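Heads up, the thing below is written out as structure tokens.
The values are calculated or read from the model by the stated rules, or taken from the named source; none is laboratory data. Everything quoted here is computed from the prediction, not taken from an experiment. Positions of Cβ are backbone-derived with ideal geometry, glycine not excepted, and every protein chain shown enters the neighbour counts. Protein only, heavy atoms only, side chains kept; ligands, DNA and RNA dropped before computing areas. Shrake-Rupley method; radii C 1.70, N 1.55, O 1.52, S 1.80 Å.
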Amino acid sequence: MKFDSKLIHGGISTDKTTGAVSVPIYQTSTYQQTELGGTPTYEYSRTGNPTRQALEELIAELENGSRGLAFASGSAAIHTVFMMFSKGDHVVVGNDVYGGTFRLLNTVLNRLGLEFTAVDTRDLAAVKAAIKENTKALYLETPTNPLLHVSDLAALSELAHENNLKVIVDNTFATPYLQRPLDLGADIVVHSASKYLGGHSDLVAGLAVTKDSADGEQLAYLQNAIGAILGPQDSWLLQRGIKTLAVRMKAHNENTKAIFEFLQQHEKVAKIYYPGDPNNPDYELAKKQMRDFGGMLSFELQPGANVKAFIEALDLITLAESLGSVESLIEVPAIMTHGAIPREIRLRDGISDELIRLSVGIEDKADLLADLNQALTRA
Ligand SMILES: *Cc1c(COP(=O)(O)O)cnc(C)c1O
């Protein structure tokens, strides 16, 4: 089955008991057992729930992994994955990861004796140099947030495996529609499904997929032990959202290309970060590694332009955190999504105070271009 069909028919797509074409919301905490000491399929909904399982099997199939697991948020998924490591373990981490991931690693998990080194994962030599005796994994995003840097997953996986490291990829920005890290050598994929997979800004959820079944067993054990699971209603809503991922991603890709071309010729725009820009140093790699360039783009206005006036003049494009939804969302990472990162680290990594991140929605592109155009005249 082709990927776009798997979105609709993959995993468990109809209910085994009733034939319902939409898997029902099994709103139950526990399950009647027919014999004492038996081995029931479901015993308690933290451990397993049929609605969640339908979603978990779907994401495993979409990422070409062996085991999928659903969590209460992307952060919960990332946290649970990091609990595979122990005190004294070291992880090499991309320096341009989601702000909340940075916060989790550097203010929470560091207190439990996990060590992290941040590097630019586009630079293989830097990654290699950061590997130490106690390094257990490489954790990265590609494309990154908010600069849309692209790292070579195949080359990094090869380097990591030579050093016995697990490769963990946050695939939130690309989704399995654009890129499947496990096929390129990664071991574990995580998602904030609150973004493209859910797709409608109506859900907070996380997913993880392992390539290897032993990793899958360990992660399922941790999911049950820690308990940050996704409930049945949100599991249902997420599966519903995933069914339209292909049509949404096509529209996101197309609108983003149009906006890139518009911004590129606009005198008030100084710099654009977009992997689909043929002049972007990551362009060839993005073309090879991804099916298309995605729906995210960041940019800077000319020095002296008024960012606040521009953003507040926007009518259709909504000022909000988050991304990956049907509606276009705009934000300034320095004071919103990446506010938790100390300013000097942010600036060093290229996230200026004026950087603007746009998550391009699937509205009519003429409306989006008109909105940007009128707002830019106020900047
Ligand atoms: C939003 C996001 C997360 C965190 O996910 P939540 O669902 O908000 O907890 C992690 N990684 C990336 C790339 C994100 O965009």
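Matching residues to (1) farther than 17 Å from A220 by Cα; (2) open to solvent by 40 Å² or more (accessible area, probe 1.4 Å); (3) modelled with pLDDT of 95 or more:
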{"residue": "L7", "(1), (2), (3)": "yes, no, yes"}
{"residue": "S13", "(1), (2), (3)": "yes, no, no"}
{"residue": "K16", "(1), (2), (3)": "yes, yes, no"}
{"residue": "G19", "(1), (2), (3)": "yes, yes, no"}
{"residue": "Y26", "(1), (2), (3)": "yes, yes, yes"}
{"residue": "G38", "(1), (2), (3)": "yes, no, no"}
{"residue": "T47", "(1), (2), (3)": "no, yes, yes"}
{"residue": "T51", "(1), (2), (3)": "no, no, yes"}
{"residue": "A54", "(1), (2), (3)": "no, no, yes"}
task: Select from segment 2-56 the residues that are of a type in the set (A, V, I, L, M), in a loop (DSSP other than H, G, I, E, B) and either within 17 Å of S235 (Cβ to Cβ) or outside the structural domain of D234 (by TED's automatic domain parsing) (or both) and list them in ascending order.
output: I12, A20, V21, V23, I25
- prompt: Can you find a residue in segment 228-243 that is open to solvent by 10 Å² or more (accessible area, probe 1.4 Å) and part of a loop (DSSP other than H, G, I, E, B)?
  reply: yes
- line: If you go through E331, E363, E312, E354, the only one that is at pLDDT below 95 and either away from the ligand (no atom under 16 Å from the Cβ) or closer than 20 Å to T172 by Cβ (or both) is E354
- prompt: Looking at this structure, is D152 touching a residue at least 60 places away in the same chain (Cβ under 8 Å) and surrounded by fewer than 22 Cβ atoms within 10 Å (Cβ to Cβ)?
  reply: yes
- line: Among L197, L203, L178, L159, the single one that is of a type in the set (A, V, I, L, M, F, W, C) and more than 16 Å from the ligand (Cβ to nearest atom) is L159
- prompt: For segment 201-260, what are the residues that are aromatic (F, W, Y) and either farther than 20 Å from E61 by Cα or free of Cβ contacts under 8 Å to residues at least 24 places away in the same chain (or both)?
  reply: Y221, F260
- line: Reported set for segment 79-95 where residues are open to solvent by 10 Å² or more (accessible area, probe 1.4 Å) and either near the ligand (Cβ under 10 Å from one of its atoms) or of a type in the set (S, T, N, Q) (or both) is H79, S86, N95
message: Step by step: first the residues of segment 335-379, then only those that are of a type in the set (S, T, N, Q) and either more than 23 Å from K195 (Cα to Cα) or in the same structural domain as P143 (by TED's automatic domain parsing) (or both), then the one that is most open to solvent (accessible area, probe 1.4 Å). Which residue is that?
response: T377
- prompt: Does segment 26-46 contain any residue that is over 26 Å from the mean Cα position of the chain (by Cα), closer than 21 Å to L197 by Cβ and away from the ligand (no atom under 16 Å from the Cβ)?
  reply: yes
- request: Go through the residues of segment 207-222 one by one and say whether even a single one is over 28 Å from L156 (Cα atoms) and within 15 Å of the ligand (Cβ to nearest atom).
  value: no
message: Need the failing condition index for S322 against (1) farther than 19 Å from R122 by Cβ; (2) of a type in the set (G, A, S); (3) outside any loop (DSSP other than H, G, I, E, B), just the number.
response: (3)
- prompt: Among the candidates L153, L140, L147, which residue alone is farther than 21 Å from H79 by Cα and at pLDDT 95 or above?
  reply: L153
message: Going residue by residue through segment 281-302, is there one that turns out to be of a type outside the set (V, I, T), away from the ligand (no atom under 16 Å from the Cβ), exposed (fewer than 15 other Cβ atoms within 10 Å of the Cβ) and in a helix (DSSP H, G or I)?
response: yes
field: Residue tally, condition open to solvent by less than 70 Å² (accessible area, probe 1.4 Å) and either outside the structural domain of N163 (by TED's automatic domain parsing) or touching a helix residue (DSSP H, G or I) at 6+ places or on another chain (Cβ under 9 Å) (or both), over segment 125-134
entry: 2
task: Can you run down the residue pairs with Cβ atoms below 6 Å, 6 or more apart or on separate chains, where the first is in segment 1-23 and acidic (D, E) and the partner is part of a helix (DSSP H, G or I)?
output: D4/A246
